[in-house]
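Undergrad: My questions will all concern the structure given below.
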Amino acid sequence: MNTLLKVLFIAFLVWMGTGIYLEYTEHPKGKVVVGLGVLFLSFILMPLFIYSRYRKGKYKKYVIKDDLFFPKKEKKS
């Protein structure tokens, strides 16, 4: 999974570099290439990255516990 993410990230960088070059040379398809690169980042690369990080439960050590900041009040009976 990490290798796939690295390959996709390199493909994204190449894609965006191409788009920026096309924008610099004022090619009519430059904005389309950059827009597709942003869509690729937001809908393919980012969800895969989030899934790979959350898959093994590594995020649990970074979650703030509510009882740390808001101690539970004991009911008086």
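Quick note: the coordinates plus some simple rules give every number you see, no bench work behind them. In this text the structure is predicted, and so the values were computed from the model without any measurement.
Undergrad: Can you give the translational diffusion coefficient of the chain in µm²/s, computed by Stokes-Einstein from the Kirkwood radius over Cα pairs at 10 °C and 1.306 mPa s? Mind dumping the intermediate values first?
TA: Details: Rh = 15.8 Å.
For these conditions, the coefficient is 101 µm²/s.
Undergrad: Per DSSP helix of 4 or more residues, -39500 (n - 2.57); summed, then divided by the residues of the chain. What does that give at 222 nm, rounded to the nearest 500? Intermediate values should be presented prior to the final figure.
TA: Details: 4 runs with 47 residues, N = 77.
The per-residue figure over the chain is -19000 deg cm²/dmol.
Undergrad: Taking the Cα atoms only, what angle lies between the long axis of helix 30-40 and the longest principal axis of the chain, rounded to 10 degrees?
TA: With both axes taken from Cα atoms, the answer is about 30 degrees.
Undergrad: Kindly count the pairs of lysines across the chain whose alpha carbons are less than 24 Å apart, treating pairs on different chains or eight or more residues apart as eligible. All intermediate terms of the calculation are to be shown ahead of the outcome.
TA: On the way: 6/56; 6/58; 56/65; 60/72; 61/72; 65/73; 65/75.
Lysine pair count for the chain: 7.
Undergrad: Which one, 57, 30, 19, has the greatest fluctuation when you compute a Gaussian network model over the chain with C-alpha springs under 10 angstrom?
TA: Comparing 57, 30, 19 in the GNM, the peak value goes to 57.
Undergrad: If you line up the long axis of helix 2-24 against the longest principal axis of the chain, both from Cα atoms, how many degrees apart are they, to the nearest 10?
TA: Between the helix axis and the principal axis of the chain, the angle is about 50 degrees.
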